[in-house]
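Everything on this sheet refers to the single structure shown next.
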Amino acid sequence: MRINLLALFGLFLAWATYKIYTGFKTNIAKARKAGYPVLITPIYPLSPLWLTTRTFMLPLLTRLLSFLLPASFYATHIQPWLFVMTPDWEYHPSPRQHFAQVGSDTFLAASWNGLCCYTSDAGVIHQVMSRREAFPKDTRQYGILEIFGSNVVTTEGQVWRMHRKVTSASFNERNAGHTFREAVRQTGGMVGGWFAASSSSSSSSSSSSGSASHDGEQTKTITSLEHDTMRWALNIIGYVGFGLRLIWPHQQLPADVDPKLAKYGSLQPPAGYSMTFADSLATVLERILVLLLIPSAVLKRVPQGWGSWGAKLHEAWEAKVNYTKYMNAFLAEKMEDIRAGRKEKEGMNIMGQLVRSKYDPSSSEKKDGATKLEDSDIMGNAFIMTLAGHETTANVVHFTLLELAIHPEAQRRVQRDIDAIFGRDSDPETWDYEKNINALLASYIGAVINETLRLIPPVVVTPKRVADTDQWLQDESDGQKHKMPAMMPIMPVISAVQRNKRYWPALDKTKQEEDAGDLDEWLPDRWYLPSPGQRQQQSTDDEKAEEKQGQQEENYGGYQGLDTSPTLFWPVRGSFIPFSDGARSCLGRRIAMVEMVAAIAVLFQKYSVELAVDEWVGSDEEVQRMGVEERRRLYKRAQEKGKETVLQAKSVLTLKLTGGRYVPVRFVRRGAERFVGDEGLC
Ligand code: HEM
Ligand SMILES: *[C@@H]1O[C@H](CO)[C@@H](O)[C@H](O)[C@H]1NC(C)=O
Ligand SMILES: *[C@@H]1O[C@H](CO)[C@@H](O)[C@H](O)[C@H]1NC(C)=O
């Protein structure tokens, strides 16, 4: 018996060794044929098992290898590829250094169980994103987003076409206008909440925070900026996408709200639910990994008594159950509306659109026979729209506010432009979308949003793959043709191409020669540099021909216009891709830009943002007693700390601060700044 087991084990070892050996051999050979540098890694970096265990496995693996191998071998053969195995190497600490180390903007990683390609070359990225047949989306990497059903983000080919067709109908200029107005309202709600919280408790909290504020001159220290911007974005997409009125804790639901819809906006769990709609959705998003990896039947039985883990797992399950029930009710209500012939008042009505395409016999989409949506597709798309329209915009606004707090001089520029467009005293609820949106997007407000999208893009990579047969790729950077092996994933690294100095001139010319130029810094002024591509007005005949051809290509819906001014910096094609590019680019780009500039305009018309300094001083009075020099030194410490914290962002679906990290800030009425006067810092 014992002999047999040993023999079996020996056989297994031999088989495994053989598999690993041949796996390495074939994958390395395939990878080398492509003609790019090849990193040989002990495990395929995109293997699902590795991706879910790497946080624990990586330290073990490196320790094991450095123990087993001679130091010099380790330094030359192991160290160089370690970064590809590291979580978040695409963002932290600087994505460029890895490409510089490899010595190429495109490289492959090969192991016994797989091979893949990473690129931060604008030309390669542009090709990969525009040749959809040759380089489709790698839907194998999107399973996690199908938790409630397949959808427009996770599918390819004919199925995607159908999803895109039904969902894109809502993304038009009329709805961008609704989005603008709702974003203005919701930003007012957010800032109102900060001041309400500060005035109600400033009398009771004695010394440290808020006591110097009188009549709402400034808020208390806000530590929940990420949470608040998340709620802000959820409230907007809830209203414009689904007609739900979602409000802030200090607000009352308006009396004219449809009682059927009131349960989704309620701040208390309605009858039959144990969580509010907003909380159930937020918790599902937060615990999505757990929900995906552990079956509901198991989660349900996890005893809540298992410490904080048990409670968290149970809460994830509870959120999923509650969210599903809300969405089923919502679906049933929409079907009822459609049967009764009731029309939605305003907004994108994404759910109505989806339901109608399935159930309404008079719907045009139905007639051409192209749409065959299942209920699960409706649920899948409703979920993905909430997810895509929520975390991304929230994080960009969050980081933009932090960067503005770190860079007071940029705030002054933002405020000057708002004053010029809207005036200092106008009521934001009267702002006219059609009249002002282009000026707003082309202003310094557009530049600060662009700069955050460049430096801290919410989506760090957009996985593509090579089609079922090998594909040739013409690389303009090295002038070579590269044979990309069939089915290999290609990962355009958005965060890295957007800091590539081959496409982005340094603002600070003295830094042009440095490895990263000044591209690791947040400097919105760079959006006013002359464009390397000289795309302005005089587009060449070639480009005109290309544009014409583009117009004849299939229209995939979504905003087609420009949101630019010809005098601004125009990035080389493929080098600025926060919304991806080509047919699979972001459907929500227009409304995202619209709601983000609206938020910045509303906030900075009347307020400034400052980093909080509570960590270093005992009370506000102490700050008051400080001279200019001392305040400047104090603010510098806060700036350093703020920058350091932003660098700790991690990509969990989107790039954000995790693990309880935050940068504390205060909003102050313009003119009442403590650290930043009209002339800049103090
Ligand atoms: C700053 C905000 C946003 C950023 C940076 C962003 C970024 C992106 C990126 C990079 C993709 C491609 C994803 C991939 O290839 O896997 C994408 C796709 C998509 N986004 Fe956004 N997005 C934003 C906001 C929104 C909003 C507000 C909505 C809708 C309400 C939205 C809806 C979508 C949809 C439906 C797709 C899939 C399109 C398709 O594959 O046909 N996004 N987005
Ligand atoms: C919400 O989750 C809780 C689990 O704690 C469950 O008891 C409750 O029935 C759920 N609500 C709905 C509407 O399913
Ligand atoms: C922001 O980036 C877009 C896309 O490249 C560009 O068209 C626009 O002009 C930029 N806006 C500003 C204010 O620089």
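The values are calculated or read from the model by the stated rules, or taken from the named source; none is laboratory data. These figures come from a predicted structure and were not determined experimentally. Quick reminder, even Gly has a Cβ in these numbers, built from the backbone with ideal geometry, and neighbours come from all protein chains shown.
Of the candidates Ala311, Ala316, Ala282, the single residue that is in a helix (DSSP H, G or I) and in contact with a Lys or Arg (Cβ under 7 Å, 6 or more places away or on another chain) is Ala316.
Take the conditions at pLDDT 95 or above and on the phi > 0 side of the Ramachandran plot and apply them to Gly123. Does it pass? No; evaluated as a whole, the condition is false for this residue. Residues that are assigned to a helix (DSSP H, G or I), among the charged types (D, E, K, R), more than 14 Å from ligand 3 (Cβ to nearest atom) and at pLDDT 60 or above are absent from region 540-550.
Pairs are defined by a Cβ separation below 6 Å, a sequence spacing of at least 6 or placement on different chains, a first member in region 316-331 that is within 15 Å of Gly380 (Cα to Cα), and a second member that is part of a helix (DSSP H, G or I) and more than 16 Å from ligand 1 (Cβ to nearest atom); the pairs so defined are Lys320/Val284; Lys320/Leu291; Tyr323/Ser280; Tyr323/Val284; Tyr326/Phe277. Within region 259-310, restricting attention to residues that are over 31 Å from the mean Cα position of the chain (by Cα) and among the charged types (D, E, K, R), the residue that is nearest to ligand 1 (Cβ to nearest atom) is Lys260. Scanning region 461-482 for residues that are within 18 Å of the chain's Cα centre (by Cα) and crowded, with 23+ Cβ neighbours inside 10 Å, we see that the one that is nearest to ligand 1 (Cβ to nearest atom) is Thr462.
The listed residues are Ala394, Ala420, and the only one of them that is away from ligand 2 (no atom under 16 Å from the Cβ), assigned to a helix (DSSP H, G or I) and closer than 30 Å to Val166 by Cβ turns out to be Ala394. State which residue is nearest to Leu401 (Cα to Cα) when the search covers only region 500-537 and only residues that are touching a Phe, Trp or Tyr at 6+ places or on another chain (Cβ under 7 Å) and modelled with pLDDT of 85 or more. Once the filter is applied, the top-ranked residue is Pro524. What is the number of the single condition among (1) under 30 Å from Phe83 (Cβ atoms); (2) among the hydrophobic types (A, V, I, L, M, F, W, C); (3) under 20 Å from the mean Cα position of the chain (by Cα) that Cys116 does not meet? Just one mismatch for Cys116, condition (3). Only one of the listed residues (Leu58, Leu46, Leu8) is closer than 30 Å to Asp475 by Cα, surrounded by 10 or more Cβ atoms within 10 Å (Cβ to Cβ) and among the aliphatic types (A, V, I, L, M). That residue is Leu46. For region 82-141, filtering for residues that are of a type outside the set (S, T, N, Q), in a loop (DSSP other than H, G, I, E, B) and under 21 Å from Thr62 (Cβ atoms) leaves 9.
Here Lys435 meets each of (1) within 16 Å of ligand 3 (Cβ to nearest atom); (2) part of a helix (DSSP H, G or I); (3) not β-branched (Val, Ile, Thr) with one exception, condition (1).
The set of residues in region 421-450 that are away from ligand 1 (no atom under 16 Å from the Cβ), surrounded by 11 or more Cβ atoms within 10 Å (Cβ to Cβ) and β-branched (Val, Ile, Thr) contains only Ile421. Taking the conditions exactly as written (among the small types (Gly, Ala, Ser) and closer than 18 Å to Pro664 by Cβ), does Gly627 satisfy them or not? No: the conditions fail for Gly627.
Residues in region 443-467 that are part of a helix (DSSP H, G or I) and near ligand 3 (Cβ under 9 Å from one of its atoms): Tyr444, Ile445, Gly446, Ala447, Val448, Ile449, Asn450, Glu451, Leu453, Arg454. For region 441-457, name all the residues that are of a type in the set (A, V, I, L, M, F, W, C) and more than 16 Å from Ala410 (Cβ to Cβ). Result: Leu441, Ala442. Here Val572 fulfils each of the conditions (1) on the phi < 0 side of the Ramachandran plot; (2) modelled with pLDDT of 95 or more; (3) within 23 Å of the chain's Cα centre (by Cα) apart from (2).
Among the residues of region 495-517, those identified as buried (at least 18 other Cβ atoms within 10 Å of the Cβ) and polar (S, T, N, Q) are Ser495, Gln498, Asn500.
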